[in-house]
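The structure appears right after this line, and notes come after that.
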Amino acid sequence: MFKTLNALVLREVRYKEADRILTLLTDTDGKLTVKARGALRKSSRTAAATQQLTYSEMTLFGNRGKYTVNEATVKEGFEGLRGDMEKLALAAYFAECMEALSVEDQPEPALLQLGLNCLYALSRDLHPQEKIKAAFETRLMCLAGYAPELGACPVCGREPEAPALSLDHGCACCRGCPGMGEKAELGPAGLAAMRFLSEAPAKQLLSFKLPDADLLRLSDASERYLLRRTERGFSTLDYWKNLRNYTHMGKKL
Ligand SMILES: [Zn+2]
């Protein structure tokens, strides 16, 4: 049985001499594991389209629940990511997050669109990396059912003063209000940006503006919130942070 779909390659693993095992996020079938026979051969017609972080149209042959790639054509190669270690590391982190938070046999068009939009912006340097990262992480949490409560502070009932994000309770609160567990600083601008990211139409997600200091704080808060909710680490994130700290010590974003 053949089926044609659009797929973002989240992960590729070499298998045997020249095959690839791919983890895909597809438009119709959610997450899917497929085999691409001979994709590592120089003469392979599917080599480019089955690379990690490529968005491709694929025709798959399915037999008893196992799929192999029959044909594949690149729709968007995100060329700007290749050859730039920082961008590639951040993109790989996005892919690792999408793999961790998607499920098989369940189409997730909003998740796929979020991934494609962020990879596109990253590959073309449309925004600072911290901004794309914060937008991706915040929106991903919302799509995965972990949307933070960003209204009034649950302790004092007022608009949060010196706003922070309670990592334990998944809500905004005042820096000074007690009993909210571990907090990440947001500041008023960071809270406004997080509210925007929770509700903005997908295509306008990256249209917010923040000064660098607020952006760094937001990126830190969204990251710690994601790590807390997923209860795991991401080696790709650690790698990106090491690269970023090294090249940007004391410099602007
Ligand atoms: Zn309060």
Expected output is a single nm value to one decimal: the length gained when fully extending between Thr28 and Arg195, i.e. 0.36 nm times separation in residues minus the C-alpha distance. What is it?
57.2 nm
Considering the chain as a Gaussian network with a 10 Å cut-off on Cα pairs, which listed residue, Val74, Val34, Val155, attains the greatest mean-square fluctuation?
Val155
Give me the percent of accessible area attributable to carbon and sulfur for segment 2-77, probe 1.4 angstrom.
43 percent
On alpha-carbon atoms, Rg over Rh for segment 33-94 using Kirkwood Rh?
1.03
So for the pair Lys42, Val103, with labels modelled 7 Å out along Cα→Cβ, what separation do we get in nm?
4.6 nm
What are the extents of the Cα atoms of segment 2-77 along their three principal axes, listed from largest to smallest and rounded to whole Å?
30, 30, 19
Where GluC sites (Glu not before Pro) in DSSP loops with at most 16 other Cβ within 10 Å are excluded, longest remaining stretch of the chain
18-160
Which value, in Å², gives the accessible area per residue of the chain when a 1.4 Å probe is used on the protein heavy atoms?
49 Å²
So the carbon and sulfur contribution to the accessible area of segment 80-247, 1.4 Å probe, in percent, is 52 percent
Between Asp168 and Arg64, what FRET efficiency comes out of the Förster formula 1/(1 + (r/R0)^6) with R0 = 30 Å and r the beta carbon distance, rounded to 0.05?
0.10
Alpha carbon convex hull of segment 79-157, volume per residue in cubic angstrom
118 Å³
Could you calculate, for segment 108-196, the ratio of the Cα radius of gyration to the Kirkwood radius, expressed as Rg to Rh?
1.04
For the Asp84, Ala202 Cβ pair and Förster radius 25 Å, calculated FRET efficiency rounded to 0.05 is 0.50
Once you have the Cα-Cα distance between Lys16 and Arg232, take 0.36 nm times their residue separation minus that, and quote the gain in nm to one decimal.
74.8 nm
Computed curve, the chain, Cα-only Debye sum without solvent term, log₁₀ I(q)/I(0) at 0.07, 0.08, 0.10, 0.17 Å⁻¹, is -0.27, -0.35, -0.52, -1.24
Based on the Kirkwood radius over alpha-carbon pairs, what value in µm²/s does the Stokes-Einstein equation return for the translational diffusion coefficient of segment 201-243 at 10 °C and 1.306 mPa s?
131 µm²/s
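The values are calculated or read from the model by the stated rules, or taken from the named source; none is laboratory data. None of these values were measured; they are calculated from a predicted model. With ideal geometry, Cβ positions are generated from the backbone for all residues, glycine too; neighbour counts draw on all protein chains shown. When the accessible area is computed, the model is the full protein with side chains, heavy atoms only, and any ligands, DNA or RNA have been set aside. Shrake-Rupley method; radii C 1.70, N 1.55, O 1.52, S 1.80 Å.
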